[in-house]
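The values are calculated or read from the model by the stated rules, or taken from the named source; none is laboratory data. This structure is a prediction, so every number in the text was calculated from the model and none was measured. All Cβ positions, even for glycine, are placed from backbone atoms using ideal geometry, and neighbour counts span all protein chains on display.
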Ligand SMILES: NC(=O)c1ccc[n+]([C@@H]2O[C@H](COP(=O)([O-])OP(=O)(O)OC[C@H]3O[C@@H](n4cnc5c(N)ncnc54)[C@H](O)[C@@H]3O)[C@@H](O)[C@H]2O)c1
């Protein structure tokens, strides 16, 4: 274990699996205390037991980030366990992929409720405490969909673009209070939502092979590779990185077309 995050008490959403779970483990390894939130309480509880961390440094709560009352209860529980929270990772998100004109109002709303409003719900509850403490860190898990578009994935990229807007807005607004707000934009990461995406095609293996072939390095990220970048952005190693977005996509979004 290193000690890069030993002064951090981190609230992480969507932590029952995938990128959020990998970030939680990486933060624990770096000495942080972590409070994990997910709408899937059963899975979250199992993962917390599997991690076998010092119970004083890990807490969990079942809450849907779109439910402001539930998130308030989660924040209260986190404060009760750790005294205060000085870092927030807005990771919970869902793929909502449609052809634009076939997107129902309900799907539009679901996409924005989880991918944008949920992050704001958590930020709004935790920012006052960070400001009062004289500092804190928020990391929003954005996406390469925050600045590029894949057809038929509407309105997910619209919400992820907005999440980047919120990152910049809050980062500027509270810089003088010592609060840094950044985004981390993964490309393809091998988690459940990526696997479900490939399974939305008639031949999932072919779809996966085509995805890998798009990447300059011929592979997509593991959740652990994304977690390493998250640790850096949450840590005190980058005090002047604020209102910024770090892309972690193996170079995918920089190419004009695949080689
Ligand atoms: N996997 C990728 O390729 C990829 C790429 C770029 C960005 N992202 C982003 O990374 C984040 C994590 O994605 P992942 O791939 O680990 O997904 P995942 O589906 O594996 O995990 C997401 C977790 O969030 C939880 N969750 C979903 N909605 C929630 C809600 N309303 N309230 C509380 N918890 C909720 C789920 O229960 C799940 O445990 C998301 O914001 C996603 O948009 C993923």
Out of (1) within 23 Å of residue 150 (Cβ to Cβ); (2) within 11 Å of the ligand (Cβ to nearest atom); (3) in contact with a helix residue (DSSP H, G or I) (Cβ under 8 Å, 6 or more places away or on another chain), the odd one out for residue 221 is which? (3)
Going by the structure shown, is residue 191 out of contact with any strand residue (DSSP E or B) (no Cβ under 7 Å at 6 or more places or on another chain) and within 14 Å of the ligand (Cβ to nearest atom)? yes
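Would it be correct to say that residue 59 is on the phi > 0 side of the Ramachandran plot, more than 11 Å from the ligand (Cβ to nearest atom) and surrounded by fewer than 24 Cβ atoms within 10 Å (Cβ to Cβ)?
Working: on the phi > 0 side of the Ramachandran plot: no; more than 11 Å from the ligand (Cβ to nearest atom): yes; surrounded by fewer than 24 Cβ atoms within 10 Å (Cβ to Cβ): yes.
So residue 59 does not fit the description; no.
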How many residues does region 134-153 hold that are buried (at least 21 other Cβ atoms within 10 Å of the Cβ) and away from the ligand (no atom under 13 Å from the Cβ)? 3
Of the residues in region 26-60 that are assigned to a helix (DSSP H, G or I) and under 14 Å from the mean Cα position of the chain (by Cα), the one that is nearest to residue 122 (Cα to Cα) is 27
May I ask you to list the residues in region 194-218 that are within 13 Å of the ligand (Cβ to nearest atom) and in contact (Cβ under 8 Å) with a residue 12 or more places away in the chain? 194, 196, 197, 198, 211, 214, 215
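Within region 178-187, is there a residue that is assigned to a helix (DSSP H, G or I), surrounded by fewer than 21 Cβ atoms within 10 Å (Cβ to Cβ) and at pLDDT 95 or above? Quick ask: steps written out before the conclusion?
We begin by selecting, within region 178-187, every residue assigned to a helix (DSSP H, G or I); these are none.
No, the conditions are met nowhere in region 178-187.
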Scanning region 221-257 residue by residue, those crowded, with 16+ Cβ neighbours inside 10 Å and either modelled with pLDDT under 95 or farther than 15 Å from residue 141 by Cα (or both) turn out to be 235, 250, 252
Between a first residue in region 142-158 that is more than 19 Å from residue 247 (Cβ to Cβ) and a second residue that is assigned to a loop (DSSP other than H, G, I, E, B) and within 11 Å of the ligand (Cβ to nearest atom), which pairs have beta carbons less than 8 Å apart while being 6 or more apart in sequence or on different chains? 155/96
Looking at region 9-33, which of its residues are within 13 Å of residue 227 (Cβ to Cβ), touching a helix residue (DSSP H, G or I) at 6+ places or on another chain (Cβ under 7 Å) and either more than 16 Å from the ligand (Cβ to nearest atom) or modelled with pLDDT under 95 (or both)? 28, 30
Give the residue, chosen from 84, 123, that is over 20 Å from residue 16 (Cβ atoms), in contact (Cβ under 8 Å) with a residue 24 or more places away in the chain and not in a helix (DSSP H, G or I). 84
For region 96-112, enumerate the residues that are within 12 Å of the ligand (Cβ to nearest atom) and either modelled with pLDDT under 95 or farther than 24 Å from residue 37 by Cβ (or both). 97
For region 62-90, name all the residues that are touching a helix residue (DSSP H, G or I) at 6+ places or on another chain (Cβ under 8 Å), within 14 Å of the ligand (Cβ to nearest atom) and either within 10 Å of residue 11 (Cα to Cα) or at pLDDT below 95 (or both). 75, 88, 89, 90
Residues of region 41-62 satisfying the condition of being in contact with a strand residue (DSSP E or B) (Cβ under 6 Å, 6 or more places away or on another chain) and free of Cβ contacts under 8 Å to residues at least 40 places away in the same chain: 41, 44, 48, 57, 58, 59, 61
Residues located in region 191-205, provided they are in contact with a helix residue (DSSP H, G or I) (Cβ under 9 Å, 6 or more places away or on another chain) and either part of a helix (DSSP H, G or I) or surrounded by 19 or more Cβ atoms within 10 Å (Cβ to Cβ) (or both): 191, 192, 193, 194, 195, 197, 198, 204, 205
